[in-house]
Amino acid sequence: MVLPASVMARLAWRNLWRNYRRTLIMLLAITVGVWAMIFMTALLRGMVDDMVNQGIGALPGHVQVHALAYRDDPSINHSLPAPQKALLDVLNSDQVSAWSSRVKVPTMISSEYENRGVVLLGVDPEGELALGFDASDIIEGRFLSGPDDRGIVIGRKLMQRLETRLGKRVVVMSQSPANTIADRGFRIVGVFRAELEGREEGIVYAGRDVVQAMLGVATSVSEIAVLGHDYRSPEVLASSVRRVVATDVDVSSWRELDPYLSSMTWVMDGFVLVWMVVIFLTLSFGLVNTLMMAVFERVREIGLMRALGMRPAAIVYEVLVESMILLTLGLLAGDLLAISTLIPLEEGIDVSKLSQGLEMMGASSMLYPLLQWQDLLLANTVVIGLGLVAALLPALRAAQYRPVEALRKT
Amino acid sequence: MKFSTPKVFVSGFQATFKLRAIFLTVICATGLSLFPAQFATAEIFNASELVRAVMEHWRGINSYSEMTMTIHRADWQRSISMRVWSEGDKLSLVRVIAPKKDTGNGTLLKDNEMWTYSPKINRIIKIPSSMMRRAWLGSDFSNKEISKSTEILNQYVHSLIGQTQKDGHTIYTIEAIPHEDAAIVWGKEILIIRDDFVLLEEQYWDQDNKLVKVMQARDIVEMGGRAVARVLRMGKLESPQEWTEMTVSSIQFDLELPSGIFTLSNLRNPRQ
């Protein structure tokens, strides 16, 4: 006897609501489980996204152009000419949202009392702001006013270490391409803060023209930082830049420049899947148990159906439809619950109490949950897919009853 | 009045302005000079022009000296003896002769560049900019302070801020304020000079007008035909237990220095 699907569905549906309390509890469990999967994933995604954005802001850019040897030896000897012609066309095209060329060399900075090794960035402040330097991070004074600004902007922590302050002069000492000492005094015109202390201590900003004059490199720069529109696909941008530069120029995406950050995103993808499966495993015990009970309660009924000519496969089919309905309802409720709880949190969650710990990981003190449709799909697939696998156990059990014995069971 | 012997002037001031190259700093001399007397006698005293004239005169004057550097700390002290050759305001060569374990270490200065040689590793190392702020031979002088040559002339604005009488000498106080872009961390430096052009003191002030470091001369004697400060002490006010003293035991001026003395090959393989 082969029953049509509609009859099977009806049978399953009625069976579900025979013991509505059990079904509701199971539905609740699935709903909460699905909610936890999606919600927590969104939080994690938000955290990673924030780390990546911060990392890209620190690099900065999705793609950077350097002289071939610069990344191994960041000295001024390995510099590039300022962008021209074809490169300039690409940089000013639609696929680039911002770019800036910078001089970036290791230097010693000294006050009357202390010396520190820092990275000196000779920047065009306008480009730097476009690339992601946040003007509100300037806590004292101002940011540079132009590439010819003769002042210097240092981090708060560095200022403390040097025992100096806004308005005082510091000396920056570096090496010119001719291997002689290039040094200069700068007045501190601004002090910045950063989420990461290392930046406050290790980076100083000065006007690009001034730094080029100090080092005696005319218009050469150390790197060109390019910001595209989406950090997830830097390779497209990188390859279009690569097409227009000389062969002795290195064009790398942020994934190559910051492999740690890049691997964090891969790890996070794996982690999300593991997280979902773990939640599902706990859920599945409930699911298997529920269906198992439903089968035990109906042993005589199953025996009768078998005696009337129903195939064991149809019994399996029926139990699976039952669990399918249960899972689908739970998923719908869970998805809706997750989405409705995430929407009010779009403004960000203040986690500043944990900020020190988070800072070590490179995350900031505001958490912005990020719901990706891929994660939603993954959660639903995991629940349906593994749910049906889990339901197979009670279904097979039900199909194995011998009709005569089942009928006689009390 | 001592000003009537303008000869004194040049070398005396020279010592002041060559301060950073301490080997020359020690030399406060009586000496040959064509320096015009009116600078000395004029009521208004143009410190910058004076400095420039003096620097120009120094070119070509050479010296050879032997000195001992004593580095003092709260719980230890060590002395290093060395030979120093210098020519003009840009070239100097230092070779350590004692203690034994440091013997043969050398430093060559050419303008603002600096090389060291150590026989133990048989290598000449060019001091990179990152090491310029490190101590020179463990003393209170940094490599940078040792290697500066004409900075005091062209990186500062000089002015006479005081003039007093003491023991029959006029003592001049010159204030030197670095230019805005100069690679000098100090807010100002104050030079105290006796009218026979012996540098008595150089003070380093921070940008909040607090005195940080002082270099003082003592024991002014005649050596090699010029007045020389025999002992020169550099110390920080913050830590009075820590200082470095340079003591000159002998000095000669205007000798026939062999050519090629201020070269890297001579730094490695001494020929004198």
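The values are calculated or read from the model by the stated rules, or taken from the named source; none is laboratory data. Note that the structure is predicted; figures quoted are calculated from it, not measured. Methodologically, a virtual Cβ is constructed for each residue, glycine included, from the backbone with ideal geometry; neighbour enumeration extends over all protein chains shown.
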Note on segment A:114-137: residues on the phi < 0 side of the Ramachandran plot and either in a loop (DSSP other than H, G, I, E, B) or within 14 Å of chain B (Cβ to nearest Cβ) (or both) are A:GLU114, A:ASN115, A:ARG116, A:GLY117, A:VAL118, A:VAL119, A:LEU120, A:ASP124, A:PHE133, A:ASP134
Query raised in the report: Residues in segment B:210-230: is at least one closer than 19 Å to B:ARG95 by Cβ, basic (Lys, Arg) and part of a loop (DSSP other than H, G, I, E, B)?
Result: no
Any residue at all in segment A:241-250 that is part of a helix (DSSP H, G or I) and either buried (at least 17 other Cβ atoms within 10 Å of the Cβ) or touching an Asp or Glu at 6+ places or on another chain (Cβ under 9 Å) (or both)?
-> yes
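Residues are listed down the side, and each one gets a yes or a no for (1) β-branched (Val, Ile, Thr); (2) farther than 30 Å from B:LYS210 by Cα; (3) surrounded by fewer than 23 Cβ atoms within 10 Å (Cβ to Cβ):
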site: A:ASP50; (1), (2), (3): no, yes, yes
site: A:ARG71; (1), (2), (3): no, yes, yes
site: A:GLN84; (1), (2), (3): no, yes, yes
site: A:ASP89; (1), (2), (3): no, yes, yes
site: A:GLN95; (1), (2), (3): no, yes, yes
site: A:SER101; (1), (2), (3): no, yes, no
site: A:SER110; (1), (2), (3): no, no, no
site: A:VAL119; (1), (2), (3): yes, no, yes
site: A:GLU126; (1), (2), (3): no, yes, yes
So, first residue of a type in the set (Ser, Thr, Tyr) in segment B:184-205, second residue crowded, with 24+ Cβ neighbours inside 10 Å and in a loop (DSSP other than H, G, I, E, B), Cβ within less than 9 Å, six or more apart or across chains; the pairs are B:TYR204/B:VAL185
The strands (runs of 3 or more DSSP E) lying entirely within segment B:90-192 that contain at least 2 residues which are aromatic (Phe, Trp, Tyr) and crowded, with 16+ Cβ neighbours inside 10 Å are B:113-118
Considering residues that are away from chain A (no Cβ under 14 Å), among the polar types (S, T, N, Q) and without any contact (Cβ under 8 Å) to a residue 60 or more places away in the chain, the number found within segment B:136-169 is 3
The residue that is surrounded by the most Cβ atoms within 10 Å (Cβ to Cβ), considering only those in segment A:1-33 that are under 19 Å from A:ARG298 (Cα atoms) and of a type in the set (Gly, Ala, Ser), is A:ALA12
With criteria (1) more than 30 Å from the chain's Cα centre (by Cα); (2) on the phi < 0 side of the Ramachandran plot, A:ARG242 comes up short on (1)
Note on segment A:269-322: residues under 20 Å from A:LYS409 (Cα atoms) and aromatic (Phe, Trp, Tyr) are A:PHE296
Within segment B:122-135, can one find any residue that is hydrophobic (A, V, I, L, M, F, W, C) and away from every other protein chain (no Cβ under 14 Å)? no
**Asked** Does A:MET40 satisfy being modelled with pLDDT under 85, within 30 Å of A:THR341 (Cα to Cα) and assigned by TED's automatic domain parsing to the domain that holds A:GLY385?
**Response** no
Note to self: Could you go through segment A:67-79 and let me know if any residue there is among the acidic types (Asp, Glu), outside the structural domain of A:ASP269 (by TED's automatic domain parsing) and either part of a helix (DSSP H, G or I) or within 34 Å of the chain's Cα centre (by Cα) (or both).
What the structure shows: yes
